[in-house]
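The values are calculated or read from the model by the stated rules, or taken from the named source; none is laboratory data. This one's a predicted model, so the numbers in the text were calculated from it and none came from an experiment. Methodologically, a virtual Cβ is constructed for each residue, glycine included, from the backbone with ideal geometry; neighbour enumeration extends over all protein chains shown.
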Amino acid sequence: MTDTQWESLILPINLAFFFHSSIEGRTIALYPSPAGAVESLLTLDSWSAIVEVNPLLRRLQPDVEALLVNRVTRTGTTDAAGYFIAPIDVCFKLVGLIRANWKGLSGGTEVWDEIGRFFADLRVRSGAMRGGGDA
């Protein structure tokens with residue numbers, strides 16, 4: 001996903017997950033916060049253009065799989081943007097991790113370390129599932 005495509009979604013943070021809700025009949029964007037998962041109330045008009053250039057997104061199982069996007073960068077790290085097809089329960093695990101560990105206005109180092117570990121583990125697991133990992 002290009003920076004322009006991401007910015008077209010007009011989300012307030014660089015961490016979100018997207019899934020098709022069969023009940024709503026549309027794609028929903030949620031982002032984690034210290035208060036839990038927050039739904040973007042924007043129309044996501046540009047989502048169809050993103051799906052058009054990423055056909056894999058058409059195959060996400062409604063209500064089960066999500067595109068989990070992590071575009072958060074931290075000073076002093078080499079973290080790269082990550083895009084994962086993940087079960088929705090894994091996305092909500094991230095939401096719970098943030099809710100349980102957030103301190104103060106910026107979250108504190110503990111929550112950011114936990115988020116880093118979460119995505120490092122997800123990268124290892126997704127590499128192993130694709131056959132690209134050491135496991």
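Would you call Leu67 surrounded by 15 or more Cβ atoms within 10 Å (Cβ to Cβ) and modelled with pLDDT of 95 or more?
Yes, satisfied.
Tell me, please, whether a residue that is surrounded by 11 or more Cβ atoms within 10 Å (Cβ to Cβ), within 22 Å of Phe118 (Cα to Cα) and in contact (Cβ under 8 Å) with a residue 40 or more places away in the chain can be found in the stretch 7-14.
Taking every residue of the stretch 7-14 in turn, at least one turns out to be surrounded by 11 or more Cβ atoms within 10 Å (Cβ to Cβ), within 22 Å of Phe118 (Cα to Cα) and in contact (Cβ under 8 Å) with a residue 40 or more places away in the chain.
For every residue, the table says whether it meets (1) hydroxyl-bearing (Ser, Thr, Tyr); (2) touching a residue at least 12 places away in the same chain (Cβ under 8 Å).
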{"site": "Ser40", "(1), (2)": "yes, yes"}
{"site": "Leu44", "(1), (2)": "no, yes"}
{"site": "Ile50", "(1), (2)": "no, yes"}
{"site": "Asn54", "(1), (2)": "no, yes"}
{"site": "Arg59", "(1), (2)": "no, no"}
{"site": "Asp63", "(1), (2)": "no, yes"}
{"site": "Leu67", "(1), (2)": "no, yes"}
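Out of the stretch 34-60, which residues are buried (at least 16 other Cβ atoms within 10 Å of the Cβ) and among the small types (Gly, Ala, Ser)?
Answer for the stretch 34-60, where residues must be buried (at least 16 other Cβ atoms within 10 Å of the Cβ) and among the small types (Gly, Ala, Ser): Ala37, Ser40, Ser46.
Of these, Ser33, Ser22, which one is of a type in the set (Ser, Thr, Tyr) and out of contact with any Lys or Arg (no Cβ under 9 Å at 6 or more places or on another chain)?
Numbers: Ser33 fails: out of contact with any Lys or Arg (no Cβ under 9 Å at 6 or more places or on another chain).
When all the criteria are applied, what remains is Ser22.
In a loop (DSSP other than H, G, I, E, B) and either in contact with a Gly (Cβ under 8 Å, 6 or more places away or on another chain) or closer than 19 Å to Val90 by Cβ (or both): is that true of Ile13 in this structure?
Taking the combined requirement at face value, the residue satisfies it.
Any residue that is under 16 Å from the mean Cα position of the chain (by Cα), of a type outside the set (Gly, Ala, Ser), more than 25 Å from Val124 (Cα to Cα) and not in a helix (DSSP H, G or I) - is there at least one of those in the stretch 42-56?
Yes: the stretch 42-56 contains one or more residues that are under 16 Å from the mean Cα position of the chain (by Cα), of a type outside the set (Gly, Ala, Ser), more than 25 Å from Val124 (Cα to Cα) and not in a helix (DSSP H, G or I).
In the stretch 79-106, which residue that is buried (at least 16 other Cβ atoms within 10 Å of the Cβ) and small (Gly, Ala, Ser) is modelled with the highest pLDDT?
Ala86
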